[in-house]
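Take a look at the structure below.
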Amino acid sequence: MTTQEIVSKLWNLCNVLRDDGITYHQYVTELTYILFLKMAKETGTEEQIPEKYRWDELKAKSGVELKKFYKELLSELGDNGTGRIREIYQGAATNIDEPKNLEKIIATIDSLDWYSAREEGLGNLYEGLLEKNANEKKSGAGQYFTPRVLIDVMTKLMKPQVGERCNDPACGTFGFMIAAHQYVAEHTDNFFDIEDADMARFEREEAFTGCELVHDTHRLALMNAMLHDIEAPITLGDTLSNIGKSMHDYDLVLTNPPFGTKKGGERATRNIINLRLDITHLYYPAKN
């Protein structure tokens, strides 16, 4: 089974949730909660998750017990998880009311060809879901997902290099930074050409960062980054507020910023002089 076939099968599950009144965007968020547990099992990284809340425990339950356990799992991982786990699950809540629907989603995910998914890349699978969501007009998610063709062209033109600090101040689902990371990987034999251990760590933990305003979209960005082996910080907040004051000294900025807020909406803004300087830097990044 190819990644595209797996994506189509997962996407078709959204029909199961229509009776629960769940939107496409809510569905992808819900899938993220469940897929995280399954992918942790498939990649051998379950040690980050308390044994009580791992995949096998989730799939073993059914009916009302499953619904109750799932809600408890979301709350526990969001309140007491660590690192990326806590970031992804913080404030998480389920919109699935019917336990049978939850059972079907879990059973379908468990039955997928995960060997093929790993071979083709779990990150590619997840990005396929994000793209499906963005292309569905009713989802409204297009505002968070820049078309891959545009991302790839801009990345190739800007040519990110090893050792550079890259950022997207309006990162959506993190597509630009994923592309920048992959560009560097392709030009370094998947980072194996980087002999300096500190530089290799920098590429993984510091080189590709972002900021996203919308909480649910921030979750998707975190999941996307994790599945592409990027551990650098992704801030939840408004770049144009005081949060953005700490975002500076980047070598390269790649972004597709929003064009504005709805009429009448107001948000906290940073000092206007600093903001103008930052916008100038955004369009004329410091490149040698």
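Given the DSSP H assignment, sum -39500 (n - 2.57) over each helix run of at least 4 residues in the chain and divide by its residue total; what's the result at 222 nm in deg cm²/dmol, nearest 500?
-16000 deg cm²/dmol
Show me 124-132, 98-106, 205-213, 190-198 ranked by packing, highest mean number of other Cβ atoms within 10 Å first.
The packing order, highest mean first, is 205-213, 124-132, 98-106, 190-198.
How large is ³J(HN,Hα), in whole Hz, for each residue of the range 65-80 in order, when computed from phi with the Karplus curve 6.51 cos²θ - 1.76 cosθ + 1.60 and θ = phi - 60°, using x for Gly and Pro?
Going residue by residue, I get 4, 5, 4, 5, 5, 4, 5, 5, 4, 4, 5, 5, 5, x, 8, 10 Hz, with x marking Gly and Pro.
How large is ³J(HN,Hα), in whole Hz, for each residue of the range 81-95 in order, when computed from phi with the Karplus curve 6.51 cos²θ - 1.76 cosθ + 1.60 and θ = phi - 60°, using x for Gly and Pro?
After applying 6.51 cos²θ - 1.76 cosθ + 1.60, I find x, 10, x, 4, 4, 5, 4, 5, 9, 4, x, 5, 8, 8, 9 Hz.
How much length, in nm to one decimal, is gained on full extension between Val214 and Thr188, taken as 0.36 nm per residue of separation minus their Cα-Cα distance?
Extra length available between Val214 and Thr188 comes to 6.0 nm.
Going by average Cβ neighbours within 10 Å, how do the peptides 66-73, 1-8, 163-170 rank, with the highest at the top?
163-170, 66-73, 1-8
Per residue and in cubic angstrom, what volume does the convex hull of the Cα atoms of the chain have?
Hull volume normalised by residue count: 145 Å³.
Fully extended, how many nm does the chain gain between Ser8 and Arg86 (0.36 nm per residue separation, minus their Cα-Cα distance)?
The span from Ser8 to Arg86 would gain 25.2 nm if fully extended.
Give the angle, between 0 and 90 degrees and rounded to the nearest 10, that separates the Cα long axis of helix 3-12 from the longest principal axis of the Cα atoms of the chain.
The answer is roughly 60 degrees.
Normalised by the empirical 2.2 N^0.38 Å for globular proteins, what value does the Cα Rg of the range 3-139 take?
Taking the Cα Rg and dividing by 2.2 N^0.38 Å, one obtains 0.99.
Distance in nm between label sites at Ser62 and Arg204, each 7 Å beyond Cα in the beta-carbon direction?
A separation of 4.2 nm, rounded to one decimal place.
Per-residue HN-Hα couplings for the range 43-53, Karplus 6.51 cos²θ - 1.76 cosθ + 1.60 at θ = phi - 60°, whole Hz, x for Gly and Pro?
Coupling constants for the range 43-53: 9, x, 10, 6, 4, 6, 10, x, 3, 4, 10 Hz.
For Thr108 and Lys71, what is the calculated FRET efficiency with R₀ set at 22 Å and r taken between the beta-carbons, to the nearest 0.05?
So, using R0 = 22 Å, E works out to roughly 0.60.
Every read-out reported here was derived from the displayed coordinates using simple, explicitly stated rules and does not represent laboratory data. Just so we're clear, the structure is a prediction, and the values are computed from it rather than from any experiment. Every residue, glycine as well, gets a Cβ built from its backbone with ideal geometry; the counts of neighbours run over all protein chains shown.
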